[in-house]
Amino acid sequence: MRALRRTIGGLTGLALLVALSLVLWANLRGRPEDLPWTPLDLGQPIGAFTGGKLTALTRDFPACRALLDQAGVSYAVLPPRRDGDRCGYANGVRLVEDPRTADGNVRRIAFIPAGLRLSCPVAAALAMWEWNVVQPAAQRHFGAQVARIDHLGSYSCRRILGSGATGWSEHSTADAVDIAGFRLSNGTRITIARDWRGDTAKAAFLHDVRDGACTLFATTLSPDYNPAHADHLHLDQAERGSIGWRACR
Ligand SMILES: [Zn+2]
């Protein structure tokens, strides 16, 4: 009995020590998102638990909308949609270009074609990707801003592309978006199809934004994965249980 009590005491002490170390580490790095229990804030730097918290928004549309509102992202709520028994969404938003949000910590990149419709958790992750990954990478590699992102859309009632896969794509619930390229403020065009390979600043930029996406999305697939992704980055918020393995290829 005494031995059992000592074991329990030891385990409690160990758990406390781990929690304290986490808090200390998060505070040292200045990243509240390094802690599993802090509420998600899209304006905070990316931490160890940001990706998991973004994916978990799939289960809470009101919380996701509140985060977009708080971060100043302009969007409109889409009516729920159902196509057959495998496709549709109940947490869709449409990105809105808002001329009033021309400065500060708000969405400034235009997604072309305009009016991108996607699930709220993917919109939230895209906003964080833009602020924390895409713009800093453009600044590092080109000394310029990204003015627009060319996309291939989100919602599409279909199965997974390539590699003989047969499951339903995250596109069938609008929980995915395909990114084809970027245009800089100085007019430079960068596309996944043309610029992924080689020893160029454009290739380095594309690999950096792919790697950064891996910290925010449950799945990130690039041309490194298979020929079906030769011309785009596939980013999605697939839910894979509470521990949830993440794919970064
Ligand atoms: Zn895709």
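For the chain, the residue among GLY153, TRP129, LEU54 whose Cα projects farthest onto the positive side of the dipole built from Cβ charges is LEU54.
Percent antiparallel among DSSP beta bridges with both residues in segment 135-249, to the nearest 5? Within segment 135-249, antiparallel bridges account for around 90 percent of the total. Solvent-accessible area per residue in segment 48-248 equals 44 Å², computed with a 1.4 angstrom probe and all protein chains kept.
Take the Kirkwood radius over Cα pairs of segment 176-222, plug it into Stokes-Einstein at 4 °C and 1.567 mPa s, and you get 114 µm²/s for translational diffusion.
Overall, the accessible surface of segment 1-61 at a probe of 1.4 angstrom is composed of carbon and sulfur to the extent of 68 percent.
Backbone phi angles across segment 188-194, fed through the Karplus curve with coefficients 6.51, -1.76 and 1.60 (θ = phi - 60°), yield HN-Hα couplings of 4, 10, 10, 10, 4, 4, 8 Hz in residue order; Gly and Pro are listed as x.
Name the residue, out of PRO121, PRO79, PRO36, whose mean-square fluctuation peaks in a Gaussian network model built on the chain with Cα pairs under 10 Å. So, out of PRO121, PRO79, PRO36, the one fluctuating most is PRO79.
Taking label points 7 Å from Cα along the Cα-to-Cβ direction, HIS207 and THR12 give a separation of 5.1 nm. Could you calculate the FRET efficiency of ARG197 with LEU24 from 1/(1 + (r/R0)^6), where r is the beta carbon distance between them and R0 is 30 Å, rounded to 0.05? Taking R0 as 30 Å, the efficiency between ARG197 and LEU24 is 0.10. Rounded to the nearest 0.05, what FRET efficiency do ALA3 and ARG59 give with R0 = 45 Å and r taken as the Cβ-Cβ distance? Could you check? Given R0 = 45 Å and the Cβ-Cβ separation, E is 0.60. Taking the Kirkwood radius as Rh and the Cα radius of gyration as Rg, the chain has a ratio of Rg/Rh equal to 1.03.
For segment 12-139, rounded, prolate or oblate, judged on the Cα gyration tensor with a ≥ b ≥ c (square roots of eigenvalues), a/c < 1.5 rounded, else prolate if a/b > b/c? Oblate, because a/c is 1.5 or more while a/b does not exceed b/c.
Inter-label distance, ARG94 to ARG82: 2.2 nm, where each label sits 7 Å from its Cα along the C-beta direction.
The values are calculated or read from the model by the stated rules, or taken from the named source; none is laboratory data. Note that this is a predicted model, so its numbers are computed, not measured. Virtual Cβ from ideal backbone geometry, glycine too; neighbours counted across all protein chains shown. Each accessible area value is taken on the protein alone, full model and side chains, heavy atoms only, with ligands, DNA and RNA left out. Shrake-Rupley method; radii C 1.70, N 1.55, O 1.52, S 1.80 Å.
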